[in-house]
Structure formats: C-alpha cells, structure tokens
1. Considering each residue of the range A:481-495, count those that are at pLDDT 90 or above and within 10 Å of RNA strand B (Cβ to nearest atom), and give that number.
2. Pairs please, first residue from the range A:324-339 and without any contact (Cβ under 8 Å) to a residue 24 or more places away in the chain, second anywhere and open to solvent by 40 Å² or more (accessible area, probe 1.4 Å) and in a helix (DSSP H, G or I), Cβ atoms under 8 Å, 6+ apart in sequence or on different chains.
3. Taking the condition surrounded by fewer than 18 Cβ atoms within 10 Å (Cβ to Cβ) and within 12 Å of RNA strand B (Cβ to nearest atom), does A:K177 pass?
4. Among the numbered conditions (1) free of Cβ contacts under 8 Å to residues at least 60 places away in the same chain; (2) open to solvent by 50 Å² or more (accessible area, probe 1.4 Å), tell me where A:Q210 comes up short.
5. Can you tell me which residues in the range A:393-422 are within 30 Å of A:E315 (Cβ to Cβ) and part of a strand (DSSP E or B)?
6. Please tell me if A:F457 is among the aromatic types (F, W, Y) and under 21 Å from A:V253 (Cβ atoms).
7. Which residue out of A:A397, A:A412, A:A351, A:A422 is among the small types (G, A, S), more than 30 Å from A:L461 (Cβ to Cβ) and open to solvent by less than 10 Å² (accessible area, probe 1.4 Å)?
8. Consider A:T384 against the criteria (1) of a type outside the set (A, V, I, L, M); (2) within 24 Å of A:L478 (Cβ to Cβ); (3) surrounded by 22 or more Cβ atoms within 10 Å (Cβ to Cβ): it satisfies all of them except one. Which criterion is unmet?
Amino acid sequence: MVELNEQELQRRQSLDELKKLGIDPYPAELFEINTTTKEIHDKFPEDNNLFQDVSIAGRIMQRRIMGAASFTEIQDETGRIQVYIKRDEVCPGEDKTLYNTVFKKLMDIGDIIGVKGYVFITQMGEVTIHVREFKLLSKSLKVLPNVKEKEDKVWDAFTDPEQRYRQRYLDLIVNPKVKQVFQKRASVMQSMRDFLNGKGYLEVETPVLQPLYGGAAARPFKTYHNTLDMTLYLRIANELYLKRLIVGGFDGVFEFAKDFRNEGMDRFHNPEFTQMELYVAYKDYNWMMDLVEEMVEKIVTDMHGSTKIKSGEHEIDFKRPWKRISMYDAIKEFTTIDLSEMSEEDIAKVAKEVGVDVDSSMGKGKLIDEIFGETVEANLIQPTFITDYPVEMSPLAKKHRSKEGLVERFEAICNGKEICNAFSELNDPIDQRKRFEEQVALGKRGDQESMVLDEDFLRALEFGMPPTAGLGIGIDRLTMILTNQPSIQDVIFFPQMRPEKKAEVATDADFIEFGIPEAWVPVIRKAGFKTVEDLNDVNPNKLFNEMGGLRKKMKLDIAMPTIEEVRGWFGK
RNA sequence: GAUUCCGUAGCUCAGCAGGUAGAGCAUAUGCCUUUUAAGCAUAGGGUCCUGGGUUCGAGCCCCAGCGGGAUCACCA
C-alpha cells in the first residue's frame with residue numbers, strides 16, 4: 001500500500017464516477033481496429049477519399065479542450081495522430097454528459113481510448129480524425145511524465161536512466177525512439193535468422209542449466225536442482241553442446257542463446273546477454289570469415305538500405321571485404337613491437353611497459369591478449385578481422401595449419417569492440433584433452449575464468465567430429481553498433497539492476513488493529529507514520545494535535561476523536 | 001570492487017550566508033466552437049533519498065547508509 005498523491009486520488013475518483021455513469025473503465029470486449037496512425041499519415045495526404053470510416057485506438061498523450069470542441073492526440077504503436085471531438089457530434093441529443101462529464105472531466109492523459117470517425121485536414125493543416133464516437137478502453141491511474149515535443153525540439157525530456165530502465169514501459173510510451181531501437185534489434189535477429197535458414201542450417205536449442213559450464217572463459221552463476229540433488233550452472237556458452245550435435249551428424253546448427261556470466265557490469269556488459277553461435281561441418285575459419293562478412297553486410301543493408309552507418313562520431317562501412325590482419329601483425333602495426341618470437345618473460349616485460357597489470361596467474365596467451373586489448377583494440381573502428389591467436393588462450397581452437405604456437409581463430413572488431421569470435425574447431429580428442437588439462441593447471445595458478453574438463457564432450461570428440469568452423473556473435477553489441485546506442489542497457493529491455501528498495505509500510509488493517517478508525521488511516525499515513533512501531537514511539541498528545549491539523553488541511557469531514565480516545569489506542 | 005558526481009511537486013529543473021521551499025508543464029475550478037511545447041484567469045500540490053551530528057535554526061555544513069550515472073578494473 002503506497003500513499004497516493006493528489007493526482008492519483010483524482011483519477012481514482014474519476015474511475016468511481018465513470019462506474020456510477022454505467023461506463024466500464026476496463027471493458028472486456030475487443031475494439032476493432034482498421035488502420036494505424038502511420039498508415040493514415042502515409043496515405044491520406046495523397047488521397048483524401050481514403051479513411052472516411054476509420055476505427056483506431058491508442059493512448060491519449062495530449063488534450064486541448066476549448067468549450068464545445070476539443071483536440072486530443074492519441075498514440076498507437078506506430079505514432080500519433082490528432083483527434084477532433086465536437087460536443088454536439090458525440091452527443092447529438094439533449095444529454096451532453098458523454099462530452100461534458102465523461103470526456104472533459106473524467107478522462108485524462110494516459111487513458112486508452114478507441115475512436116471511430118473520418119480523417120480530414122484542419123485549418124492549421126494537420127491530418128486529424130473527426131470523431132463520430134469514442135470509447136474508453138482503459139483508464140490510467142498514474143500520471144505520465146509529460147514530455148512536450150515539436151519537430152526536433154523536446155521539452156522536459158524523460159531521461160533519468162534509473163526510471164527509464166526500471167520502468168521501461170514508461171520509457172517506451174514517452175520516448176518513441178526507444179521503441180525503434182528494439183524494433184531494429186528484432187530486425188537484426190530476423191535478418192540473421194533468415195540468412196542462416198537460407199543456407200540450410202538448423203536452428204536448435206540446448207540446455208541453459210548445465211552440470212558443467214564450458215565453451216568460454218568466464219565465471220558462472222550457480223544454482224541447485226532439488227530432485228537431482230546437484231549443483232547446476234547457468235550456461236556461459238553453448239559451444240560444447242552445439243559441437244556434440246555436429247558429432248551427431250548435423251552439418252550446420254545455430255542457436256540464439258541467452259548466456260549468463262557472473263562478472264562485472266558496465267555499459268558493455270549485462271549479466272545475461274544474447275549470443276548467436278553457429279557451427280558448420282567441413283569448413284574452416286577462412287570460410288567463416290567470408291560468411292560473417294556476407295551476413296553482417298546483409299543485416300546492415302536490410303536495416304539501413306546501405307552498408308554504412310553512423311556510430312558516435314564515426315561512420316562505419318560494413319561493405320565486403322573487411323581488413324584481415326593477424327594478431328601479432330596488428331600489435332606490430334600499432335606498437336612496432338614484434339612479439340612472435342619472444343619468451344613469456346619478455347612478453348611480460350612488454351605488457352608492463354604498455355600498461356597492463358601483470359600478475360602471476362597470467363600465461364603467455366593471456367599476456368598477449370592483454371597487450372592487444374591495451375594497444376590495438378580501441379583503434380579498430382572499421383570492421384576488421386584479427387586472426388591467428390596464441391594457442392594458450394584458445395583451448396577449443398585448432399592449431400594453425402602452418403604457424404607454430406598459434407591457433408586458427410579470428411575475432412571481428414568494430415568500433416573498438418569485439419563483435420564476434422570464431423575458429424576452426426579443435427576436433428583432435430587427444431589434443432583437446434591436453435588443452436583442458438592446461439586450463440585446469442591455469443585454474444590452479446589462480447585464473448578464475450579457466451575452463452573445466454568436460455569428459456562427455458571429450459567422449460563425443462573421440463567418436464569423431466568433422467572439421468568444423470564455429471562462430472559466436474554478440475547480438476547486444478552488434479545491435480548497439482547498428483542502432484548507435486552508447487550503452488548495452490539501451491538495447492536490452494530490462495537490464496539487470498538492484499531491486500527497487502521498498503519502504504516498510506504497514507497495511508490499513510495493521511493501523512485499524514492498533515485502534516485507528518478506518519477514516520483516520522490516511523491521516524495517520526499523511527502524518528508520516530509508516531508502521532505501527534512508529535506510532536508506538538509518539539506522544540499521544542502530539543498525535544492528537546497533528547490529527548487536528550491535518551483534518552483541517554486535508555479538508556476532511558470526519559468527527560475528531562477525543563483526546564481520551566486517542567490515548568486509549570496506546571493503552572493496549 | 002575503486003574513484004567521482006547526482007538524489008527537491010506527477011514530470012523537467014531552480015534554489016541559499018544556514019533563516020516561512022520556487023518555476024514551467026501536468027492537475028483542479030471558472031470562461032472560451034479549430035489548437036500546434038504553452039488559450040485566459042485563479043487555486044491546490046513537498047518525509048527537499050534515509051538515519052545520525054553540528055546549530056537557536058539544516059534542502060544547504062559534517063558523518064554513515066541506500067539508489068543511480070560516469071570513469072577505471074574483470075569479462076563478451
């Protein structure tokens with residue numbers, strides 16, 4: 001039970017009055033819709049004979065009432081349109097209640113209504129629906145943030161990130177551009193799915209709850225299954241399951257997977273995020289680079305009609321082919337240092353020089369990765385493939401066909417961030433076991449993100465997995481770039497946040513139990529008493545005085561209890 | 001986790017030497033037959049995030065906490 005503010009109380013009163021007039025503020029039956037605001041705006045100016053019998057619904061976002069005529073703006077999924085309501089038209093007879101009372105007094109910004117009428121253009125030149133009849137479809141009891149906007153100017157924008165993310169519904173109502181971001185996100189996934197289906201790959205689903213977590217270097221969330229009496233982990237990746245399916249004989253499988261990583265949060269990291277992983281048999285990482293280019297280029301073109309997009313102050317062009325450069329060459333290009341022949345010791349020295357915090361848990365691969373992150377990654381704005389990673393940091397990738405100490409792996413970097421990660425998958429079960437064992441050793445050295453050994457996965461490989469190319473592509477990050485959003489929270493509907501703190505509040509019944517007459521409960525709340533304990537701490541005389549003051553202030557028409565009665569409440 | 005900034009009306013934000021808490025929009029009431037963020041007039045609306053402290057007196061100063069943003073660290 002939360003205290004209501006003045007405007008919320010007014011709306012509840014309106015609700016009661018509507019019911020008294022026989023109007024159901026939440027009617028059950030459907031309201032037929034035969035067009036959208038967007039369709040009207042698109043087509044009406046071309047052909048004024050259209051839309052002479054529309055039925056449309058939406059949320060009231062703006063009202064301008066002038067005597068016997070009113071202008072209202074309603075908003076549906078596609079946009080807004082002005083609606084003109086004239087008293088004598090919606091109330092043709094003597095009884096003007098529907099207009100004077102129901103529409104003017106009892107309806108508010110935020111209510112959802114359905115209207116029927118015809119489209120015309122006002123003297124001011126605005127496409128408007130002339131209403132023949134209207135119907136309340138849902139009464140709104142809370143006040144919307146009132147954002148005013150005209151063309152590009154916005155007044156009183158609703159921008160507080162906390163409120164926007166916690167109450168995303170509000171954000172979507174008042175910030176139409178937010179809706180577009182999520183529509184684009186859906187189109188990215190749609191476009192990617194179409195592309196993969198077009199190639200004949202099978203969309204599959206694999207477990208989110210896993211007894212062993214694997215396929216990536218990250219700390220997991222841990223949970224527990226009662227019946228099995230065992231620990232389960234929320235997946236950090238689905239890689240090992242998809243490869244089992246390749247062993248099983250599917251030649252191309254993919255999954256849009258929610259993954260969960262128990263790591264820090266910032267504008268690039270949410271504890272749960274979406275990744276598309278793809279595995280294709282009889283291919284290698286060179287082939288996969290071609291596929292990624294082709295796929296992303298298609299997605300961008302589907303979305304923007306061009307391969308170029310704006311991201312922050314940069315323009316990024318996804319047109320094929322993208323630059324391909326090996327990790328060592330990239331580091332050499334940006335630092336002039338050649339790490340390819342250096343020992344772990346020397347590399348650690350270089351790492352310190354470029355500003356990496358080196359500690360004993362870091363192996364050679366990790367050091368190189370850190371140097372790369374420090375010196376190269378942020379400088380890669382145009383899509384670039386970085387290839388051929390050190391074997392130590394890629395325990396699931398196949399050894400390079402010709403370069404000692406490296407694996408056949410690539411990442412695509414764009415706008416200074418990794419957008420995908422792929423390799424020629426390791427299918428040698430003996431080598432895979434050795435790599436896992438090295439990971440276990442790293443874990444003992446203190447690396448909390450090292451991988452664990454998955455015996456069943458090894459058993460699968462021992463039956464034989466075809467040479468396979470694998471890919472993981474981050475949907476959230478890709479969406480951020482393609483929609484030009486600076487934070488991952490802007491491309492996830494409900495980003496993870498701390499729970500909203502709820503003040504301890506006693507119920508009405510608790511107060512009545514205490515002895516407060518029901519009519520006085522709102523007064524007690526108004527006086528700032530949240531719990532019965534708060535009341536116990538107060539001097540009865542002071543409470544009595546406050547009640548009198550508030551009774552006057554709140555203009556309440558209820559009898560004042562005597563001071564003895566008030567004291568009596570505390571006698572128990 | 002570290003550093004730093006922020007938290008005032010339904011919304012956006014002011015506020016000062018530490019002295020009765022302000023504006024715009026929204027809301028209510030009255031008037032007005034077509035307005036383009038705002039028709040005119042009047043009115044109501046506040047636990048100034050929470051809890052302590054300093055003070056005659058705290059929205060403001062001090063301490064602690066809660067929530068959020070930004071940057072950094074880890075990770076995608």
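1. Residues flagged as at pLDDT 90 or above and within 10 Å of RNA strand B (Cβ to nearest atom) within the range A:481-495 amount to 6.
2. From residues that are without any contact (Cβ under 8 Å) to a residue 24 or more places away in the chain, the pairs are A:D338/A:K332.
3. Numbers: surrounded by fewer than 18 Cβ atoms within 10 Å (Cβ to Cβ): yes; within 12 Å of RNA strand B (Cβ to nearest atom): no.
So A:K177 fails the test.
4. (2)
5. A:R409, A:F410, A:E411, A:A412, A:I413, A:C414, A:K417, A:E418, A:I419, A:C420, A:N421, A:A422
6. Details: among the aromatic types (F, W, Y): yes; under 21 Å from A:V253 (Cβ atoms): yes.
So A:F457 fits the description; yes.
7. A:A351
8. For A:T384, the exception is condition (3).
The values are calculated or read from the model by the stated rules, or taken from the named source; none is laboratory data. Small disclaimer: the values here were computed from a predicted structure and weren't measured. Note that we place each Cβ from the backbone using ideal geometry, even for glycine, and neighbour counts take in every protein chain shown. The area values use the complete protein model at the heavy-atom level, side chains included, leaving out ligands, DNA and RNA. Shrake-Rupley method; radii C 1.70, N 1.55, O 1.52, S 1.80 Å.
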